[in-house]
1. Go over the candidates Ile89, Ile84, Ile114 one by one and state the one that is surrounded by 13 or more Cβ atoms within 10 Å (Cβ to Cβ) and modelled with pLDDT under 95.
2. Given (1) surrounded by fewer than 17 Cβ atoms within 10 Å (Cβ to Cβ); (2) in contact (Cβ under 8 Å) with a residue 60 or more places away in the chain; (3) over 13 Å from the mean Cα position of the chain (by Cα), where does Asp71 come up short, assuming only one miss?
3. I'd like the full set of residues that are assigned to a loop (DSSP other than H, G, I, E, B) and either open to solvent by 50 Å² or more (accessible area, probe 1.4 Å) or at pLDDT below 95 (or both), limited to the range 123-149.
4. Could you tell me how many of the residues in the range 150-177 are within 22 Å of Ile72 (Cβ to Cβ), outside any loop (DSSP other than H, G, I, E, B) and not hydrophobic (A, V, I, L, M, F, W, C)?
Amino acid sequence: MNRVYVKINPPIVELRRFWPSHAIYETLSGENLIERFNVYRCMEQNEPLSSHQQFHPTNNGLRKYEVLLVDIKVGTKLNGNHGIIHGGIISLLFDEAMGWARGIMTHPNDPTVIYVTANLTVNFRAPFMEGSEAVIRVYHESTVNGKVRFSAVLEAHDGGLVYAEAGGLFLPTKSKL
């Protein structure tokens with residue numbers, strides 16, 4: 001099947017209202033910081049555009065599939081050591097990307113339920129250098145009893161170099177917003 005990527009415009013107005021110090025879109029956003037964090041939903045070529053707001057998995061978690069791609073560019077002020085992006089920043093990027101993936105898979109029927117990251121594991125494969133551009137690909141692994149598992153990879157645009165891989169578990173909880 002042919003896959004296409006549809007850009008999702010983050011609700012910046014909503015983010016600023018509810019999270020005025022959001023790490024990705026406010027605190028660490030800007031020149032020499034996180035310079036680009038563009039989110040794209042992965043969908044089937046013939047899938048109706050009207051469905052791109054919410055994704056309803058039909059496979060009952062039985063096979064891994066790509067949910068979204070994030071196009072990123074990092075600056076020169078996020079280093080841990082000698083021009084290498086800090087591992088904590090990479091972990092933050094993975095967590096946010098998987099959060100977006102979870103968000104497009106959530107049914108909006110119950111606004112009192114939010115998902116939180118229960119576990120995030122990152123394996124670093126190669127130095128991710130300052131000033132780099134890359135993509136994060138997020139894959140849905142399974143959904144069991146409301147618990148959602150993802151895997152993700154941070155790689156060069158051409159896929160020729162993997163910088164890091166991650167896995168995450170997201171759990172539903174009652175919102176206190």
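1. Ile114
2. (3)
3. Arg125, Pro127, Glu130, Asn145, Gly146
4. The number of residues fulfilling the criteria is 6.
The values are calculated or read from the model by the stated rules, or taken from the named source; none is laboratory data. Computed from a predicted model, the values in this text were never measured in an experiment. Glycine gets a Cβ as well: all are built from the backbone with ideal geometry, and neighbour counts include every protein chain shown. Protein only, heavy atoms only, side chains kept; ligands, DNA and RNA dropped before computing areas. Shrake-Rupley method; radii C 1.70, N 1.55, O 1.52, S 1.80 Å.
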